[in-house]
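Report on the structure given below.
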Amino acid sequence: MPHDIEAIAEQVFTALADPTRRAILAALASGGPATATDLADRLPITRQAIAKHLALLAEVGLVTAEHGERRRVRYRLRSAPMQVAQQFLAALARDWDHPLDALTDHLDRSARESTTTPLDEARGHHA
């Protein structure tokens, strides 16, 4: 897996680890582009705190700042970093699939073999 994909995924996961940032992203997803003031009206967070979180989200690339009239900045979601993180998780899942399938097969074989005890075999009985 290329290093840059892993680095982008790590940044996205770090950003998403904070519940306030997840709430901001959810508000933007449901309500569309918004200013920090708009988001402060919708969320139980101060405008200053929202502005700090938006700066980090913009740095990661999850939102973009669009400058409008009267120096108002509206933030809009960007899906590209999230898609990279999803690709990272999909590749990781593929890497896990084979070992997990092998483990499942081994456990299934072990379970089948353990249903017949040596005493059952000596008596000619099978469970």
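The values are calculated or read from the model by the stated rules, or taken from the named source; none is laboratory data. Computed from a predicted structure; not experimentally measured. Neighbour counts are summed over all protein chains in view; Cβ atoms, including those assigned to glycine, are modelled from backbone coordinates with ideal geometry. Ligands, DNA and RNA are excluded from the accessible area calculation, which covers all protein heavy atoms including side chains. Shrake-Rupley method; radii C 1.70, N 1.55, O 1.52, S 1.80 Å.
Remarks
- Treating r as the C-beta distance of Ala102 and Thr14 and R0 as 30 Å, the FRET efficiency rounds to 0.40.
- Remark: the chain carries a charge dipole of roughly 1080 debye about the Cα centre, counting +1 on each Lys and Arg Cβ and -1 on each Asp and Glu Cβ.
- Based on C-alpha pairs under 8 angstrom that are at least 6 apart in sequence, the chain has a relative contact order of 26 percent.
- The residues of the chain expose on average 69 square angstrom of accessible surface per residue, using a 1.4 Å probe on protein heavy atoms.
- With helices as the sole contributors, the chain gives -23000 deg cm²/dmol at 222 nm; each DSSP H run of n ≥ 4 counts as -39500 (n - 2.57), and the sum is divided by every residue.
- The modelled label-to-label distance for the pair Thr64/Leu77, using points 7 Å beyond Cα in the direction of Cβ, is 1.5 nm.
- Listed values (i) 8.3; (ii) 10.2; (iii) 12.4, entry calculated as mean projected area of the Cα convex hull in nm²: (iii)
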